[in-house]
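Below is one structure, written out as structure tokens; the observations come after it.
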Amino acid sequence: MRLEDELGVRLLQRTTRSLTLTKAGNRFYQRCQQILNDLEEAELEVKRSQLILIGTLRLDLSFVFGKLHIAPALLQFSAQYPELNLNVSFNDRLIDLIEEGIDATVRIGVSSDSGLIMHHLATTRYITCASPHYLARYGRPTTPTELLQHRCVNFIFP
């Protein structure tokens with residue numbers, strides 16, 4: 001009754017035994033039904049658009065981890081999102097994501113840039129190894145501290 005008052009038109013024919021739509025009520029109902037259908041279709045369209053990735057995704061991956069663990073998955077990812085172009089680089093230097101136009105990176109260690117959104121992907125472990133020739137020449141270290149006296153090639157992560 002409030003809607004009828006607001007619209008200034010009778011929408012329902014009321015009797016003691018029945019309630020039916022008037023012509024105006026039927027037109028109003030049909031139009032509202034169409035609006036609800038359009039709204040539902042618009043929502044589905046937006047949800048579907050989130051599933052289709054289009055454009056270029058620029059990735060920068062740490063060399064070894066990227067080659068071993070990420071690169072094998074990129075073929076399947078690319079097949080799943082054929083409209084997406086992948087631009088992938090592999091290196092271990094620290095980069096400025098914004099300056100270099102990189103969308104995502106995978107690094108080992110902790111970032112000092114608190115403005116980045118980070119997700120833990122995996123746990124790595126450090127491995128110390130040496131050739132038999134090196135050990136024969138320089139000796140075998142027995143504690144991590146002794147490594148400071150040895151000729152090491154280190155990957156240092158921030």
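Laboratory data are not the source of any read-out in this text; all were calculated from the coordinates shown. All values derive from a computational prediction rather than experimental measurement. When we count neighbours, we look across all protein chains shown, and the Cβ atoms used for this are built from the backbone with ideal geometry, even at glycine.
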On Cα atoms only, tilt of 71-80 relative to the major axis of the chain in degrees: 20 degrees
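For Cα pairs less than 8 Å apart in space and 6+ apart in sequence, what is the mean separation divided by the residue count of the range 2-50, i.e. the relative contact order in percent? Walk me through the intermediate numbers first.
Numbers: 23 pairs, mean separation 10.6, N = 49.
Relative contact order, the range 2-50: 22 percent.
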Share antiparallel - DSSP beta bridges, the chain, percent rounded to 5: 25 percent
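Using the Cα centre of the chain as the reference point, and only Cβ charges (+1 on K/R, -1 on D/E), how large is the resulting charge dipole? Debye, rounded to the nearest 20.
Values: 17 positive and 17 negative charges, 115 e Å.
Dipole about the Cα centre, nearest 20: 560 debye.
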Lys/Arg +1, Asp/Glu -1 at C-beta; the chain dipole; positive extreme among T142, F63, N91: T142
Listed candidates (i) 2, 8, 13, 15, 15, 13, 11, 8, 6, 4, 3, 1, 1, 0, 0; (ii) 1, 8, 13, 14, 11, 9, 7, 6, 4, 4, 3, 3, 3, 3, 2, 2, 2, 2, 1, 0, 0; (iii) 1, 6, 10, 10, 9, 8, 7, 6, 5, 4, 5, 5, 5, 5, 3, 2, 2, 2, 2, 1, 0, 0 - label of the one calculated as P(r) over Cα pairs in 5 Å bins from 0, in percent: (iii)
